Structures are given as C-alpha cells and as structure tokens.
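Contents: one structure, followed by commentary.
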Amino acid sequence: MATISDAISQTPTLLVNTLLRGSEGQFGAPRAGGKTHQGVDIVATVSSMDKSTYQVRATASGIIAYARNNGSPASPGYGFTVVIDHQNGFYTLYAHLAPNASNGVVILGQQVNAGDLLGFLADLANGEKSSGNARAVAPFDRIQLHFECFETNAGLSSGGQLQPIKANCALDDPTNQLVALGYKSF
C-alpha cells in the first residue's frame with residue numbers, strides 16, 4: 001500500500017530559500033465561504049534575479065497529469081499549475097508557478113523523476129512573480145508555491161480544467177512529511 005512518503009520523497013523547493021507558511025497558509029485553514037485551504041503554502045524568503053533560486057521540482061516520480069494555467073484574468077485561481085500522477089493513487093499539485101518561466105518546462109503525459117524541474121515560482125529578471133491568487137505575506141514578497149497532495153484513481157489527466165482530476169479526491173495533509181524532509185515554518 002502506497003503512503004504519502006511515496007508521493008513526497010523530496011522537497012519541492014530549495015529548503016535554504018523557503019519556509020512553510022503558518023496561519024492561513026496551513027492545510028485546513030479557514031477560507032471564505034466556509035471552505036478550507038486544501039494544501040500548504042511554501043513561501044520564498046529571498047529575492048534574487050536568478051530564477052534558479054525559485055525552482056520547483058517533482059517530489060517523486062510520475063506522469064504529468066496537468067500543466068497549464070488554471071484560472072482566468074477575472075478569477076486567477078491557482079495560476080500556472082502542474083499536477084503529477086504518481087501512479088500509486090497519490091497526486092501532487094504545484095500551483096502559483098510563474099507562467100512564462102514555467103510554460104513548456106514539462107508537458108502533459110511526460111514522465112518525470114523525483115527532482116526533475118517542473119517550473120519556477122518567479123523570474124524577477126523578466127518581472128514575473130507567482131501567478132494566480134498568491135498573496136503577499138509580510139515580511140516576504142508575493143512569491144510562493146501552493147502545494148497539495150491528494151488521493152484518487154491513478155491515470156487521470158486533463159488538458160483543460162483541473163476539476164476532472166480532483167473531482168472525487170481525498171485531500172492529504174503534506175505538512176508532517178514536508179517537516180520530516182527539513183522544512184521550517186514561520
């Protein structure tokens with residue numbers, strides 16, 4: 001039986017440059033309309049013109065099930081998002097990626113291994129920060145990853161909306177696994 005450690009065997013961001021966001025960035029934190037936060041926010045703690053500072057990498061091997069913008073100008077949603085099907089019932093979702101810097105780094109149906117580059121949170125040299133509804137978090141800038149882990153049937157993918165993948169999923173709290181891998185909180 002697969003466990004969350006099979007989907008999160010390494011960190012999605014560089015530990016030296018990021019922290020887990022507490023409070024409203026925590027898994028299950030309350031949201032407007034009685035909703036709750038479905039993942040965790042991982043916030044960049046540095047500002048750099050070198051986009052490799054903001055690299056986002058696969059936490060385990062799998063198949064790219066989604067790689068595109070999720071949202072619209074009127075409703076930005078997750079912004080540029082990548083989802084990996086780990087082929088064991090677990091999926092990981094990486095949202096708020098910088099769209100121009102991340103578009104085409106991976107494509108739908110591509111096989112990835114743990115540690116493979118998925119995209120970037122920012123490309124400040126080209127004026128790009130996290131996309132979607134990422135919020136500024138004092139004292140850090142609006143550069144963050146929204147990271148989720150969820151369970152559903154293996155083999156799902158979408159070239160359009162994210163909903164077909166997440167429709168009947170069970171959300172998992174990735175916090176303990178991320179802390180075990182070395183993340184600190186603020």
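The values are calculated or read from the model by the stated rules, or taken from the named source; none is laboratory data. Keep in mind it's a predicted model, so treat the numbers as computed, not measured. Counting neighbours? That spans all protein chains shown, and the Cβs are built from the backbone with ideal geometry, glycine included.
The table below lists the values:
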item: Those residues of segment 58-93 which are assigned to a loop (DSSP other than H, G, I, E, B), polar (S, T, N, Q) and under 13 Å from the mean Cα position of the chain (by Cα), in sequence order; result: Thr59
item: Among (1) touching a Gly at 6+ places or on another chain (Cβ under 9 Å); (2) of a type in the set (S, T, N, Q); (3) surrounded by fewer than 14 Cβ atoms within 10 Å (Cβ to Cβ), the one test that Gln87 misses; result: (3)
item: Subset of segment 1-23 [under 16 Å from the mean Cα position of the chain (by Cα), assigned to a helix (DSSP H, G or I) and either free of Cβ contacts under 8 Å to residues at least 60 places away in the same chain or on the phi > 0 side of the Ramachandran plot (or both)]; result: Asn17
item: Tabulated pairs, segment 38-49, first under 25 Å from Ala170 (Cα atoms) and of a type in the set (A, V, I, L, M, F, W, C), second surrounded by fewer than 20 Cβ atoms within 10 Å (Cβ to Cβ) and at pLDDT 95 or above, C-beta under 6 angstrom, 6+ apart or interchain; result: Val40/Thr175
item: Selected residue (criterion: nearest to the chain's Cα centre (by Cα)) from residues of segment 140-162 that are closer than 13 Å to Leu93 by Cα and among the acidic types (Asp, Glu); result: Glu148
item: Looking only at segment 6-62, and only at residues there that are among the acidic types (Asp, Glu) and loosely packed, with under 13 Cβ neighbours inside 10 Å, the one that is modelled with the lowest pLDDT; result: Glu24
item: Yes/no for Gln38 being under 12 Å from the mean Cα position of the chain (by Cα) and not basic (Lys, Arg); result: yes
item: Residue selected from segment 99-139 under the condition surrounded by fewer than 16 Cβ atoms within 10 Å (Cβ to Cβ) and under 19 Å from Pro73 (Cα atoms), by the criterion farthest from the chain's Cα centre (by Cα); result: Gly127
item: Condition met for Ser157 (over 23 Å from His37 (Cβ atoms), among the hydroxyl-bearing types (Ser, Thr, Tyr) and not in a strand (DSSP E or B)); result: yes
item: Complete set of residues in segment 167-186 that are crowded, with 17+ Cβ neighbours inside 10 Å, within 14 Å of the chain's Cα centre (by Cα) and either part of a loop (DSSP other than H, G, I, E, B) or free of Cβ contacts under 8 Å to residues at least 40 places away in the same chain (or both); result: Pro174
item: Selection count where residues are of a type in the set (Gly, Ala, Ser), in contact with a helix residue (DSSP H, G or I) (Cβ under 8 Å, 6 or more places away or on another chain) and at pLDDT 95 or above, scope segment 127-179; result: 2
item: Count - residues of segment 2-41 that are touching a strand residue (DSSP E or B) at 6+ places or on another chain (Cβ under 9 Å), farther than 15 Å from Thr92 by Cα and aliphatic (A, V, I, L, M); result: 4
